[in-house]
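The structure appears below as structure tokens.
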Amino acid sequence: MAIALATRMSLLEVASAYEVFSTAAVREHYSVKTCGLPSTTVGDWLHADVDENFQGLLSADTVIVPACGNQNLSQPADLVDAVRAAHAAGARVVSICTGAFTLAAAGLLDGRRATTHWRHTARLAQEYPLVEVHPGVLYVDEETILTSAGKTAGIDLCLYLIRKDVGVDVANDVARDLVMPPHRDGGQAQFIAPPEVDVADDVMTRVRAWVVSHLDQPLTISDIASYAHMSPRQLHRRFLATTGAAPLQWLNSQRVFAAQNLLETTDLGIDQIAARIGVGTPTNLRRHFGKHVGVSPDTYRRTFRGAIAS
């Protein structure tokens, strides 16, 4: 795995990608190197000692392109050429935040779905009309090309890659090391101009834990509001403030996440999984799963169980 560095790239995006793929839980699965010019500075002030120049991207199986660090989002020609060549050589290419502009400049996003930080999605669509820009998601998986929204969404995408490559247990171990949630679905909305969040909202923490422990039941907003001792309107407002999603939207994402875990770690049938996560029927499971993940449960199981087995 290689992280492509160019002058003034965002320090947070560079460091977070390096940290995720260098934790003890994944060292046996990934070897991370940095590629760029010897004079590269990160975050306007930190001098980066690169392992190899841009030619090093050609031997990587995965290339990560962090956010552009300049105001005009201009792309260094040598970086664009190297990323294009790496993909042509068979590398999976992953962008974090405005790194999507590098991929777009290389022509890798033409005819593909993609995202970037919500402040820049309109510009991405305007400057690269062949790209199908999805402004409201955390990340997009187009098989060999993956893009993510701003900063923390890049970490979500990195954890998603680990889930896809080596399984949910390893990804969860990494998340625990980083002290962060193990999974946010790629289709979850970006936190665009969110209301002020009370990060110490113990009530909502308790409510969310209760919901997760009762996924097998046909919960309604009234059920959750009753447990929380709130009106449905209050509950809606508090969920938006603490999760960025409406209650039922969040509930459905948790059900899909639970289904993903069961598909990856058990041999339960689709009907059994549907019952366990509270959606009732295999048809409902396939509908919710397809909406959130973009593939059927059967395809997902083959993909992830196959990756783990290999």
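The values are calculated or read from the model by the stated rules, or taken from the named source; none is laboratory data. None of these values were measured; they are calculated from a predicted model. Cβ: placed from backbone, ideal geometry, glycine included. Neighbour counts: every protein chain shown.
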Inset, instruction - Return a yes/no flag: does region 17-26 have any residue that is closer than 15 Å to Ser148 by Cβ, in the same structural domain as Pro135 (by TED's automatic domain parsing), surrounded by fewer than 24 Cβ atoms within 10 Å (Cβ to Cβ) and among the aromatic types (Phe, Trp, Tyr). - result: yes
Legend entry - Given (1) within 19 Å of Thr102 (Cβ to Cβ); (2) out of contact with any Asp or Glu (no Cβ under 8 Å at 6 or more places or on another chain), index of the condition Val170 fails: (1)
Legend entry - The one condition in (1) under 23 Å from Thr265 (Cβ atoms); (2) free of Cβ contacts under 8 Å to residues at least 12 places away in the same chain that Lys164 fails to fulfil: (2)
Inset, instruction - Could you tell me whether any residue of region 21-28 is more than 26 Å from Arg176 (Cβ to Cβ) and among the hydroxyl-bearing types (Ser, Thr, Tyr)? - result: no
Legend entry - Selection within region 215-262 - more than 21 Å from the chain's Cα centre (by Cα) and either closer than 24 Å to Asp169 by Cβ or of a type in the set (Gly, Ala, Ser) (or both): Leu215, Asp216, Ser222, Ala225, Ser226, Ala228, Ser231
Legend entry - Residues being loosely packed, with under 14 Cβ neighbours inside 10 Å and either in a loop (DSSP other than H, G, I, E, B) or at pLDDT below 90 (or both) - total across region 217-242: 5
Inset, instruction - Those residues that are surrounded by 21 or more Cβ atoms within 10 Å (Cβ to Cβ) and in a helix (DSSP H, G or I), I need them from region 273-300; list them, please. - result: Ile273, Ala274, Leu285, Phe289, Pro297
